[in-house]
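Enquirer: This structure is in structure tokens; I'll ask about it shortly.
The values are calculated or read from the model by the stated rules, or taken from the named source; none is laboratory data. The structure displayed is predicted, hence computed values, not measured ones. Don't worry about glycine lacking a Cβ; one is built from the backbone with ideal geometry, like all the others, and counts go over all protein chains shown. With ligands, DNA and RNA removed, areas are computed over all heavy atoms of the protein, side chains included. Shrake-Rupley method; radii C 1.70, N 1.55, O 1.52, S 1.80 Å.
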Amino acid sequence: MDVEIGLRVDGEPHRLVVDTRTTLLDAMRERLGITSPKKGCDHGQCGACTVLLDGRRATTCLALAVAHDGAEIVTAAGLADGERLHPIQQALLDHDGLQCGYCTPGQVCSAVGMLAEAEAGWPSHVTADLSGAVELTDEEIAERMSGNLCRCGAYANIVAAIREAVR
Amino acid sequence: MTGLIEPKSIGAPLERLEGHAKVTGTAPYAAEHLAADTAHLHPVQATVARGRITGMDTTAAEALDGVLAVLTPGNAPRLAPGDDPELAVLASDEVAYRGQIIAAAVAETTEIARQAADLVRVSYAELPHDVELRADSAGLYAPEVVNPTYPTDTTEGDPDGALAAAAVTVDRTYTTPMEHNNPMEPHATVALWARDTLTLYESTQWPHGVRDTIARLFGLATDQVRVIAPYVGGGFGSKTIHANTVLAAMGARAVPGRPVSFALTRQQMFSLVGYRTPTIQRIRLGAGADGRLTAIAHDVVEQTARLKEFAEQTAVATRSMYAAPNRRTTHRLAALDVPAPTWMRAPGECPGMFALECAMDEMAIACGLDPIEFRVRNEPEIDPETGLPFSSRNLIRCLREGADRFGWRRRDPTPGVRREDGWLLGTGVAASTFPVFRLPGSAATVRRLAGGRYRVQIDAVDIGTGAWTSLAQIAADALDVPPDAVDLRIGDSALPPGSVAGGSSGTTSWGSAIVDAARTFREKFPDPEEGDEAGGATPDNPDLERFAMHAYGAQFAAVRVHADTGEVRVPRMLGVFAAGRIINPRTARSQFIGGMTMGLSMALHEDSVMDVRFGQVANHDFAGYHIASNADVRSIDAIWIEEEDPHVNPMGSKGIGEIGIVGAAAAVANAAYHATGVRVRDLPLTPEKFLR
Ligand code: FES
Ligand code: FES
């Protein structure tokens, strides 16, 4: 079955017809040609498809497009202002927190979403004090970024980049 | 070798030239070259491990709205006979392994293609299968050579006699499981067949190889096929060419004029694009009371596919590692009803050095020696295998430098005595090595552009290694210009040929061709003008016959193992490498650390579990097949020592893409023993193995 929906991606409004089986990720990649979010597993297991969905990080391969009519999406492409990169992106470049680059847009969006979660005081599995403010130690950063796999093994540099961007 | 080029840009930590495109996600990978009229392909895979297809009903699939074609063995184009049975796609009714491609649907959308593939009804005459590797598997045989062309077995002296006479012996069996490469970007092709030319946007480590193979199979001239791969999301050996690329080309031929996209699912990658064979390795070491090795025997049992042979060179590193007068290595294969194994990051060295370096740890302890001192005592002066001098060998410097930085000298060797908050703590070390490979067949051109710039062209490919940047640096120094004066073109088979991005050979092979082209250009055009152009190729290196060439390293790990649960964590890793001149310290460090991280992943998690009843990997996704995540990695660092090696190539560099994984798992396993007193010889180091 086909359904028409609207999406705003990186500030641009789009109207499109999707199969009810189409994921938000495929709607962007295959229908709209927006390929900044990557597909690594299609099962919510790798984080490559992460975007900011209505302000929060989300894996778009696990979201059906029809369920997100009217959604506001920001991808890694939208986080940069032309040549000017988002501080997280710049820090990843500075620390070489990427190799093949396939996981990278997901890492970028996840990091931006993660910082907002920490700012709002959301605890993680390694947070000792569940009531106070979150201090973003390396351990906290690594834990909170563990939904984003990187087969090239850039984790150490990704943590270094986020650590610096937080400062 | 004809003189090293003077390093100016070489050695500078240049930022990745394509970095901006990658952090914004605007660098286009294969499947992202989509047009409005792109069709999508989904394969049908065999659901038996061995047998024959007796019937295939495609009626329902063909009747589905939006289906453009259904390909079966009955209607698929006949391919030219080739030497790779894995690529004989839809060529017969025989099923050689579960998951083999037996049909495909091409449709307007991915959803429709997948639904149509599901609607194809298949019946089989099933045959009994064997998919399980055992030390006593039936029909174990010795292959003619092991990958790529090493002798299968070697013997020097009298290992059995020396072992019988040795004052100290170790005789142990180590196993490594089946592991899957799993690059983050699934293998993908966008194929367009138009006016007798075929264009493939391909996720590959070797555009030229794909071009040649596809042209041959489809009976085309090589200039009728173009393979484009500007960005590739990792490969680790799995992105040479497999059946999926052939199928994509077939799909495109079924709908001429329309691009066809075929991106594998993560699950499909567990049966279609290769893996590392499981290994069963018996190692016997003999030593005198003085801690000098008198005998080394390394006997390997591993698997291949009945369909196609791939013989991992698991024991080859052992031939050159340590001085012992009596040595033997053997490889025996079981041909099973499984997909063909293939290269996976450091094939041979990676599993082989896990076994050897754990055995060396056990032997050091048996001799009452520190494991570093034990290795120093057994350092060869010349290559024990070939008798040639080493072009450079700095293993001992790596071990010593690492010992200083890691704090090794304070280490109490007693196992199982350090406890902190319920965790047992330990440290371990292992040696690392990787040979210098140079592949033939690369060529490059240099052309003068306006404004004093140069276009440098070669069909190299960057799979995450940093080749975009390091090749520009090499070209800059060879032309004696700053790197931003170089306009590098790679990743397109329309460019001069490049060898495969594999065997850590890219920089050596491609870089040598670029240097040759630049030298020719500068000789020919002392006062170059716009439009001047010269070409060059990877020259023969006579030193290859005169020296043994390898990179070396030392891997250190600190491990804690939970006393009650057996959980293993790795708070610290340090790698020290000696790999010739480092072209770009920034990207090189990432390569080393990336390899070590994959070694950590191998140590702790990776295990493709074969369901022997059905012949498939049971845990065929990231929920079941665990790879290291960010939280697995804590402090990890890689450094290197200055090494001048004028013999390897004009850059003085050795390959660095694979050595980082070699020995890493052994260092972790040795540290886990030091922590617990429990010697685990079977990877991965899962908790239950420490609970005794
Ligand atoms: S593609 Fe969505 S989590 Fe992997
Ligand atoms: S950079 Fe290649 S997967 Fe992360």
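Enquirer: Return the Rg/Rh value of the protein assembly as shown, two decimal places, where both radii are evaluated on C-alpha atoms and Rh is the Kirkwood radius.
Expert: Numbers: Rg = 26.6 Å, Rh = 27.8 Å.
Ratio value, two decimals: 0.96.
Enquirer: Rolling a 1.4 angstrom probe over the protein heavy atoms, how many square angstrom per residue are accessible across the protein assembly as shown? If you can, show how the numbers build up before the last one.
Expert: Numbers: 29850 Å² over 859 residues.
In whole numbers, the protein assembly as shown has 35 Å² accessible per residue.
Enquirer: Suppose a student asked you for the relative contact order of chain B, using Cα pairs under 8 Å spaced at least 6 residues apart; what percent would you report? It would help to have the intermediate numbers written out before the result.
Expert: Details: 1838 pairs, mean separation 118.2, N = 692.
With pairs under 8 Å counted, the relative contact order is 17 percent.
Enquirer: Could you derive backbone 3J(HN,Hα) for the range A:41-49 from the dihedral phi with the Karplus parameters 6.51, -1.76 and 1.60 (θ = phi - 60°), listing whole Hz in sequence and x where the residue is Gly or Pro?
Expert: 8, 6, 10, x, 10, 10, x, 4, 8
Enquirer: What list of ³J(HN,Hα) values in whole Hz, one per residue of the range A:127-142 in order, does the Karplus curve 6.51 cos²θ - 1.76 cosθ + 1.60 (θ = phi - 60°) give from phi, with Gly and Pro shown as x?
Expert: The phi angles translate into 6, 6, 9, 7, 9, x, 6, 8, 9, 7, 6, 4, 5, 5, 4, 4 Hz.
Enquirer: Label the range B:439-540 by shape, choosing from rounded, prolate and oblate, from the square roots a ≥ b ≥ c of the eigenvalues of the Cα gyration tensor; if a/c is under 1.5 it is rounded, and otherwise prolate applies when a/b is larger than b/c, oblate when it is not. Please report the intermediate quantities before stating the final value.
Expert: Values: a/c = 1.89, a/b = 1.55, b/c = 1.22.
Prolate shape, in that a/c is at least 1.5 and a/b is the bigger ratio.
Enquirer: Can you figure out the FRET efficiency of B:K524 with B:D487, using R₀ = 30 Å and their beta-carbon distance, to the nearest 0.05?
Expert: E between B:K524 and B:D487, to the nearest 0.05, is 0.95.
Enquirer: Still on this model: Would you work out the relative contact order for the range A:2-78, in percent, from Cα pairs under 8 angstrom that are 6 or more residues apart?
Expert: Numbers: 153 pairs, mean separation 30.4, N = 77.
Rounded, it is 39 percent for the range A:2-78.
Enquirer: Follow-up question, since we're still on this one. Once fully extended, how much extra length lies between B:F614 and B:A60, figured as 0.36 nm per residue of separation less the alpha-carbon to alpha-carbon distance?
Expert: Details: separation 554, 0.36 × 554 = 199.44 nm, distance 2.68 nm.
Going from the current span to full extension adds 196.8 nm.
Enquirer: Also: Angle, helix A:155-166 long axis vs. longest principal axis of chain A, Cα atoms, 0 to 90°, nearest 10?
Expert: Between the helix axis and the principal axis of chain A, the angle is about 80 degrees.
Enquirer: From the residues A:L93, B:A36, B:P278, which one has its Cα farthest along the dipole of the protein assembly as shown in the positive direction, the dipole being from +1 and -1 charges on Cβ of Lys/Arg and Asp/Glu about the Cα centre?
Expert: The residue sitting farthest along the positive end of the dipole is B:P278.
Enquirer: Take the cross-link list B:K239/B:K308; A:K38/B:K654; B:K239/B:K654; B:K308/B:K689 and give me the ones stretching past 24 Å between alpha-carbons. The partial results should precede the final answer.
Expert: Values: B:K239/B:K308 17 Å; A:K38/B:K654 33 Å; B:K239/B:K654 22 Å; B:K308/B:K689 34 Å.
The pairs that break the limit, which is 24 Å between Cα atoms, are A:K38/B:K654; B:K308/B:K689.
Enquirer: Checking the cross-link filter: which aspartates and glutamates have an alpha carbon closer than 18 Å to that of B:K22, excluding same-chain neighbours under 8 positions apart?
Expert: Answer for B:K22, where 18 Å is the Cα cut-off: A:D10, A:D81, A:E83, A:D94, A:D96, B:E32, B:E185, B:E202, B:D462, listed by chain and number.
Enquirer: Using Cα-Cα distances under 8 Å and only pairs 6 or more residues apart, what relative contact order does the range A:1-151 have, in percent? Kindly include the intermediate steps, with their values, before the conclusion.
Expert: Working: 254 pairs, mean separation 35.6, N = 151.
Here the relative contact order equals 24 percent.
Enquirer: Next up: Quote the charge dipole size of chain B about the Cα centre in Debye, to the nearest 20; the model charges only the Cβ of Lys and Arg (+1) and of Asp and Glu (-1). Before the final figure, lay out each step's value.
Expert: On the way: 64 positive and 85 negative charges, 188 e Å.
Dipole of chain B, to the nearest 20 debye: 900 debye.
Enquirer: Once B and A are treated as a pair rather than alone, how much accessible area drops out, both sides summed, in Å² to 100, probe 1.4 Å?
Expert: On the way: alone 25340 and 8780 Å², together 29850 Å².
Interface between B and A: roughly 4300 Å².
Enquirer: Sticking with this one: Could you work out [θ]222 nm for chain A from helices alone, using -39500 (n - 2.57) per DSSP H run of at least four and dividing by all its residues? Round to the nearest 500 deg cm²/dmol. Numbers along the way, then the final one.
Expert: Values: 5 runs with 47 residues, N = 167.
The helix-only estimate for chain A comes to -8000 deg cm²/dmol at 222 nm.
Enquirer: So, with +1 on the Cβ of K and R and -1 on the Cβ of D and E, and no other charges, what is the size of the charge dipole of the protein assembly as shown about its Cα centre, to the nearest 20 debye? Before the final figure, lay out each step's value.
Expert: Details: 78 positive and 109 negative charges, 159 e Å.
Rounded to the nearest 20 debye, it is 760 debye.
Enquirer: Calculate, for A:E164 and B:R409, the FRET efficiency according to 1/(1 + (r/R0)^6) with r their C-beta to C-beta distance and R0 30 Å; round to the nearest 0.05. Walk me through the intermediate numbers first.
Expert: Working: r = 33 Å, r/R0 = 1.10.
With a Förster radius of 30 Å, E is 0.35.
Enquirer: Convex hull over the Cα atoms of the range A:87-166, averaged projected area in nm²? Can you show the working numbers first?
Expert: Details: hull surface 18.4 nm².
Directional mean of the projected Cα hull area for the range A:87-166 stands at 4.6 nm².
Enquirer: Pull out a ≥ b ≥ c, the square roots of the eigenvalues of the alpha-carbon gyration tensor of chain B, then state rounded if a/c is under 1.5, prolate if not and a/b is larger than b/c, and oblate in the remaining case.
Expert: On the way: a/c = 1.82, a/b = 1.20, b/c = 1.52.
Taking the square roots of the gyration eigenvalues as a ≥ b ≥ c, chain B is oblate.
Enquirer: Moving to a separate point now. What full-extension length gain, to one decimal in nm, is calculated for B:R419 and B:D37 as 0.36 nm per residue of separation minus the Cα-Cα distance? Working shown, then result.
Expert: Values: separation 382, 0.36 × 382 = 137.52 nm, distance 6.36 nm.
Answer, rounded to one decimal: 131.2 nm.
Enquirer: Can you tell me the dipole magnitude for the range A:2-78 around its Cα centre, using point charges on the Cβ only (Lys, Arg +1; Asp, Glu -1), in Debye to the nearest 20? Before the final figure, lay out the partial values.
Expert: Details: 9 positive and 11 negative charges, 56 e Å.
Charge dipole, the range A:2-78, about its Cα centre: 260 debye, nearest 20.
Enquirer: Using every alpha carbon pair in the range B:54-156, what percent of pairs falls into each 10 Å bin from 0 up to the bin containing the largest distance?
Expert: With a bin width of 10 Å, the distribution comes to 12, 30, 28, 16, 11, 3, 0.
Enquirer: While we're here: Extension gain B:E15-B:T155, at 0.36 nm per residue separation less the Cα-Cα distance, in nm? Display every interim value, and only then the final one.
Expert: On the way: separation 140, 0.36 × 140 = 50.40 nm, distance 4.77 nm.
My answer for the length gained is 45.6 nm.
Enquirer: Round to the nearest 0.05 the FRET efficiency obtained for B:A91 and B:E567 when R0 = 60 Å and r is the Cβ-Cβ distance. If you can, show how the numbers build up before the last one.
Expert: Working: r = 48 Å, r/R0 = 0.81.
With R0 = 60 Å, the Cβ-Cβ based efficiency is 0.80.
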